[in-house]
Amino acid sequence: MKNLNHNVLNVVVPLLTLTGLVFFLPPFLIYKFLCFVYRSKSIENVAGKVILITGASSGIGEHLAYEYGRRGARLALAARREDRLFEVVDKARRLGSPDAIMILADVSKLEDCNRLVNDTVNHFGQLNHLVNNAGVTQAGLFEDCNEFSTPKSIMDINFWGSVYCTKFAIPYLRKSKGKIVVISSSATWFSTPRLSFYNVRNGSRT
């Protein structure tokens with residue numbers, strides 16, 4: 001009986017998968033293309049607007065700072081590494097940002113999140129975009145995790161860091177009719193082996 005079930009599944013599942021790809025993938029790709037075209041024609045003018053980016057010292061946060069800088073946005077760049085953050089701020093200014101400041105902060109700490117939002121508003125007088133980008137990861141099997149301090153730290157930064165910053169930024173974003181941008185990952189829908197807590201973090205931020 002088991003062999004029969006397996007044989008049936010071996011035939012049925014590939015056929016269902018192929019059918020799904022044939023009938024549903026083309027409309028989905030067309031939809032995504034149309035969404036891309038629509039977004040490309042309705043790009044927001046961010047010149048002069050105030051953008052707060054967490055985790056701005058490297059990776060996605062760093063390059064977002066450069067792109068916003070090229071478009072003339074005023075930047076508040078937050079991270080923990082002073083030397084790297086200083087370099088990013090300097091380059092963002094050279095690329096076109098009329099004003100960029102660095103804020104040393106650890107988003108896993110409630111008081112740091114409150115301070116980085118307050119410092120931004122005190123300096124610029126407003127806030128238009130909050131970009132929740134800060135995130136860390138560590139590879140390893142869940143069963144090999146003997147100390148929960150590391151996964152707790154990952155969740156504190158990746159999940160609660162976004163929650164804290166958003167909480168303190170909301171009053172100013174309401175006033176400016178601004179936006180909250182959250183950087184996620186393909187791990188939201190395609191979990192990566194050995195990254196249990198990172199996968200959970202991204203699933204929590206969709």
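The values are calculated or read from the model by the stated rules, or taken from the named source; none is laboratory data. On a predicted model such as this, the values are computed, not experimentally measured, just so you know. Quick reminder, even Gly has a Cβ in these numbers, built from the backbone with ideal geometry, and neighbours come from all protein chains shown. For accessibility, only protein heavy atoms count, side chains too; no ligands or nucleic acids. Shrake-Rupley method; radii C 1.70, N 1.55, O 1.52, S 1.80 Å.
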- Select from the stretch 104-131 the residues that are under 17 Å from ARG81 (Cα atoms) and crowded, with 22+ Cβ neighbours inside 10 Å and list them in ascending order. ALA105, VAL107, CYS113, LEU116
- Message: When you scan the stretch 62-85, do you find a residue that is under 24 Å from LYS152 (Cβ atoms) and in a helix (DSSP H, G or I), even just one?
- Response: no
- With respect to GLY161, is the statement that it is surrounded by fewer than 18 Cβ atoms within 10 Å (Cβ to Cβ), modelled with pLDDT under 95 and not acidic (Asp, Glu) true? no
- Item | Only one of ILE43, ILE30 that is at pLDDT 75 or above and loosely packed, with under 10 Cβ neighbours inside 10 Å | ILE43
- With the checklist (1) more than 17 Å from ILE53 (Cα to Cα); (2) at pLDDT below 95 in hand, flag the one item ARG174 doesn't pass. (2)
- Query: Are there any pairs, at least 6 apart or on different chains, whose C-beta atoms fall under 6 Å, with the first in the stretch 155-184 and in contact (Cβ under 8 Å) with a residue 40 or more places away in the chain and the second part of a helix (DSSP H, G or I) and open to solvent by 80 Å² or more (accessible area, probe 1.4 Å), and if so, which?
  - Reply: TYR164/LEU110; ILE183/ILE60
- Message: Cβ-Cβ under 6 Å, sequence separation 6+ or interchain: first residue in the stretch 101-119 and in a loop (DSSP other than H, G, I, E, B), partner acidic (Asp, Glu). Which pairs?
- Response: ALA105/ASP112; ASP106/ASP112; SER108/ASP156
- Query: If you check LYS91 against the conditions, is it part of a helix (DSSP H, G or I) and either at pLDDT 95 or above or on the phi > 0 side of the Ramachandran plot (or both)?
  - Reply: yes
